[in-house]
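Notes for the one structure printed next.
Since every read-out is calculated from the coordinates, none of them should be taken as a lab result. Quick caveat, the model's predicted, so the values are computed rather than measured. Ideal geometry is used to build each Cβ from the backbone, glycine not excepted, and the neighbour counts take in all protein chains shown.
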Amino acid sequence: MPLPSTPLTPQQLEQAFVTFNQVSSELDASYRILQTRVAALTVELNEARSQRLQELAEKEQLANRLELLMDALPGAVVVLDTADQVQEANREASNLLGVNPANCQWQDILDRITQVSTRHGQELMLRDGRRLSLTQRALSDGDERLILITDVTELHALQDAVNREKRLSALGEMAARLAHQVRTPLSSALLYMSPLCAAELTRSERTRIANKVLDRLRHMESLVDSLLSFVRGSAAKFEAVTLTDLTREVVDVVAPLIDRAGGSFSAPAEIPDIQVVVVKEALVGAVLNLITNAAEAGEGKNNVTLQLKNEEKNIVFCVSDDGPGVTEDLRDRIFDPFFTTRSLGTGLGLAVVAMTARAHGGAINVRSNAAGGALFELAIPILGGGGTQRDAASHKRYENSATP
């Protein structure tokens, strides 16, 4: 700064000193305020650092605990990224899969431990015979998937044992009931045959006795045939057929039988041009069983009607009669194997119908006919296929507890 050309007066110097002192005081006050603020910020920073360190310590402790829990889980946990590469896996995953899955492609692991033919939905069968159940969930960020793997080998073995015991129990019960059912016609046949050796019998009497014995033997044959149909159930092959072919085959078989017995039978004049995937012989047999059952309810004198209804995804075979009908207390029992209200009934006809309905993914229902008698409704999905196309809502009104 250049020096003033003229010297400052004492007053000017005094004013300069006053200004200098004032600025110095202000600077000193600002410095003290700054020191106070720095001290406060230092305290806050130390507190934030301590809190952060505490949070990090808690998170590390939580992470360690989660890692311990993951390793202690009885099931395997695998985390996949968007490329289906394993990002994380717990210890049980290595034990169940037999390999260390870390950083491996999930598909490569499956190819190594299973065969394609043994993968059924969410369940795998390993090459060593073990069964694993897989449950998948997308993580919240949507970029990764979590897979929970559980060993269900023992559960399957237990279920197989339970099913085997059920089959043996059912087989024993069926054998006992079959023996009971066969005993009556067999005893009758033996009684009829006992006088055949008598020399005084005429030819007509021998013929009459032989016919009675033959009737009893045919009854036992019918019982055995019905039992075999019941046991075979849904083991046959599904095929695509038209309702016209099905109805024509039913009518060709049953119409002359009912006419010969003195009753009447009417079939639908118009048949929906619809194709269904069914076991043809089983379904035709089920409808025939319903019609013959309706005819026999009135000792062959009933007027039996077959109607077809197209309801949503189902074709409903409606068989009605004007016989005595089915009482409320019997509706829950008539589909049970070997239950019958007729002395010559096998008790398996309606049981076969119920099993056929179930094998097709359909349902059977019975209710009172508005004009008297009974009305049986056999609902079969139009797409068929062993129940894989069953729609629960469309079947709701046909479901009942009378299915064996």
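For the pair Gln11 and Asn46, a Förster radius of 56 Å applied to the C-beta separation gives a FRET efficiency near 0.60, rounded to the nearest 0.05. Between Ser94 and Thr153, the modelled label-to-label distance comes to 1.9 nm, taking each label 7 Å out from Cα in the direction of the beta carbon.
Residues whose amide H comes within less than 5 Å of that of Ile382, counting only those at least five positions distant or on another chain, are Asn314, Ile315 (H built at 1.01 Å from N in the peptide plane). For Arg203 and Ser169, the FRET efficiency from 1/(1 + (r/R0)^6), where r spans their Cβ atoms and R0 equals 45 Å, is about 0.35.
Sequence-ordered 3J(HN,Hα) estimates for region 89-95 from the Karplus curve with 6.51, -1.76 and 1.60 and θ = phi - 60° stand at 7, 8, 5, 5, 4, 5, 5 Hz, glycine and proline given as x. The packing ranking, built from the mean of other Cβ atoms within 10 Å per residue, places the peptides 26-39, 237-250, 352-365 in the order 352-365, 237-250, 26-39, highest first.
With both labels modelled 7 Å from their Cα along Cα-to-Cβ, the Thr19 to Thr242 distance reads 11.6 nm.
Taking label points 7 Å from Cα along the Cα-to-Cβ direction, Ala269 and Met193 give a separation of 5.3 nm. The aspartates and glutamates within cross-link reach of Lys280, meaning a Cα-to-Cα straight distance under 12 Å and a gap of 8 or more places when in the same chain, are Glu239, Asp245, Glu249. Peptides 193-206, 78-91 ranked from most to least packed give 78-91, 193-206, packing being the mean of other C-beta atoms within 10 angstrom over each peptide's residues.
For Ala374, the residues whose modelled amide H falls within less than 5 Å of its own, excluding neighbours fewer than 5 places apart on the same chain, are Asp321, Gly323, Gly325, Asn369. Highest mean packing comes first when the peptides 279-287, 158-166 are listed by Cβ atoms within 10 Å, giving 279-287, 158-166.
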